[in-house]
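What follows is a single structure, written as structure tokens, with notes after it.
The values are calculated or read from the model by the stated rules, or taken from the named source; none is laboratory data. These figures come from a predicted structure and were not determined experimentally. Here the Cβ positions follow ideal geometry from the backbone for every residue, glycine too, while neighbour counts run over all protein chains shown. We work out accessible area using only protein heavy atoms, side chains counted, and drop any ligands, DNA or RNA first. Shrake-Rupley method; radii C 1.70, N 1.55, O 1.52, S 1.80 Å.
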Amino acid sequence: QIVKERNIERKNIAAISFSGQMMCAIPIDNRGELLLEKIPIWADARSTHQVKQLFEKIGGYEAFYDITMQGHNPELYPIFKAMWIRDNLNSVYKKTAKFIHSKEFIALKMTGKFFTDYSDQGLGGTLDMKKHTWSDVILNAAGIEQSKFPELHEAIDLVGYLTAEAAIE
């Protein structure tokens, strides 16, 4: 719509940036297809049991906060949503190649690549913010492999190119 309204020549578009709702746990198969019709958005707080399990393993909310440096209601973090899917929708979990956020789904459809940035994953409950990397403590306590999450990048990194199919669409 912007391209059309502003008479922008498509050949002059140098980059596309993405923004969207955070704290999702969208299960995607290895072809990039959605595995659930209704996904657990940021406000989905069904994972109380999973929060309790993980906190018991790592030493409580304070330990989680010390690693993630995030102070939201724990049930909102995608790590707990992923655990809930594993515990309650195991057939979906087994097919899940990656858990991604909403903007990452759009970026996947445009680039064909799975990736995330530190700002989104920082609110995923999966990162050790002091080390600026995945938290082995949290992922091990959650029982979820790091491979279930996309490759980490800085928000300003070039992560892929528009596929021919996406460009046509």
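Data for the structure
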read-out	value
Given charges at beta-carbon only (K, R positive; D, E negative), |dipole| of the chain in Debye	340
Helix 48-58 axis, angle to the chain major axis (alpha carbon atoms, nearest 10°)	70
Among beta bridges that DSSP assigns inside the chain, antiparallel share in %, nearest 5	65
Crossing angle, helix 78-88 versus the chain [Cα axis fit, 0-90 degrees, rounded to tens]	70
Distant-in-sequence amide H partners of Thr133 (H built 1.01 Å from N, under 5 Å)	Asp128
Probe 1.4 Å, accessible area per residue of the chain, Å²	59
For segment 7-100, projected area of the alpha-carbon convex hull averaged over all directions, nm²	8.9
Segment 5-99, relative contact order in percent, only Cα pairs under 8 angstrom and at least six apart counted	37
Relative contact order computed over segment 52-154 (Cα-Cα under 8 Å; 6+ residues apart), in percent	36
With eigenvalues of the C-alpha gyration tensor scaled by 5 and rooted, segment 46-95, Å	21, 10, 9
Zero-based 10 Å bins, Cα pair distances in the chain, whole percents	10, 38, 32, 14, 6, 1
